[in-house]
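Derivation of every value follows stated rules applied to the coordinates shown; laboratory data play no part. What you are looking at is a predicted structure, and each value in this text was computed from that prediction instead of being measured. All Cβ positions, even for glycine, are placed from backbone atoms using ideal geometry, and neighbour counts span all protein chains on display.
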Amino acid sequence: MSPTTPVAAPNPPAPPEPAEMSLPPIPPRPRVDPAWSIMDRVGLFMAWSAGIMLCVIAVSIVGYMAFKGIQYVNLEVLTSKPLASLDQSQTGGFLDPILGTLLLTLIGIVIAVPVGVAVAVWLTEYGRPAGLARAVESGVEIVAGTPSIVLAIFGLLIFQTSVFGPLSFTAEGGAVFGRSFITAGTMMALIALPLVIGATREALNAIPRHVREASYALGKDKATTIRRVLLPSARPGIATGATLGMGRIAGDTAIVVILLGASMQITPEGGGPFGLFRGTGSTLTSYVYNNSPAGEGNAPEKAYAAAFVLLLIVILLNFAVSLIGRKSKVQWH
């Protein structure tokens, strides 16, 4: 071959198919190792049994309440108000308890979300002074573990003072009862607060460190990075905490009975839209209790119907949490 003869360049290897590059490897199917001891096999069997039992219990609760409640749910009970009577089997539906549930949940979550997000941001991104941060974390744990009946009694003690008289029903003689949607919603916010704080902190910790460093490299300070970068990225976690908090608020009864009065109908206090927030009422949980066989309403069929509606609300909230959680995982993976 002469020196001037061109040499053909070797053909580059063909790139892999896009489908082959995008598909993750299939993990091996878990199986029992032949080397496992008898105790390991027994432990695995007990773990499987516990999981299956939990699924059976959940399906039994939903199935039983659906069977007992759906036969009594109709348009009339959903759109008519309950009437003041000791025998609820002959009077109205439970429109007011449904509206009371939505209103109380709205008030509680509107208070809990901004406070919870602010606390979570401070604990995660600042945490100084360290002693105060540890005290705040302990306070959040204490609030999360406090029974709602204790929170209700504490709230009644606070809101019965004359300082908070404009927030609740006040008698002609000046006695403050401390019962209203505002007072009940404020204490409900304490129930949702630990859930919002926990979910927000988890979302902020899941954001990679290089995201913060990239913002600092562009000349942004810490406050701007939190406001423009971290909080928008943590929205799925914040939404998850808010949804879980709404489920806790919708399912509580003690605060409703003590701080909302648990009256069948919504009774505004004063004129204007603010009178509705100062008024008393009930939720689906208190309505179910009053009309259950353990209550005084003597309308178990309406209790089953209201319990079924409440269960649907909680299931929808849990489904929303699962959907938000999947979107959050896709965001960073």
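Ordering Met39, Met246 from the fewest to the most neighbouring beta carbons within 10 Å gives Met39, Met246.
Under 5 Å from the amide H of Gly281 lie the amide H atoms of Ala262, Ser263, Thr267, each residue being 5 or more positions distant or on a separate chain, with H modelled from the backbone and absent for Pro and chain starts. Distance distribution P(r), segment 110-186, all Cα-Cα pairs, bin width 5 angstrom from 0: 3, 14, 17, 17, 16, 13, 11, 6, 3, 1, 0 percent. Answer rounded, prolate or oblate for segment 46-332, using the Cα gyration tensor with square roots of eigenvalues a ≥ b ≥ c: rounded when a/c is under 1.5, else prolate when a/b is larger than b/c, else oblate. Because a/c hits 1.5 or more and a/b fails to exceed b/c, segment 46-332 counts as oblate.
Using the number of other C-beta atoms within 10 angstrom as an exposure proxy, rank Met53, Met187 with the fewest first.
Starting with the residue having the fewest Cβ neighbours, the order is Met53, Met187.
Mind jotting down a quarter of the surface of the convex hull over the alpha carbons of segment 85-222, in square nanometres, one decimal? Approximately 13.1 nm², given one-decimal rounding.
In order along segment 140-153, the phi-based Karplus estimate (6.51 cos²θ - 1.76 cosθ + 1.60, θ = phi - 60°) of 3J(HN,Hα) comes to 5, 5, 5, 4, 5, x, 7, x, 5, 5, 5, 4, 5, 5 Hz; Gly and Pro are listed as x. In terms of surrounding Cβ atoms within a 10 Å radius of their Cβ, Ser37, Ser263, Ser80 rank from fewest to most as Ser37, Ser80, Ser263.
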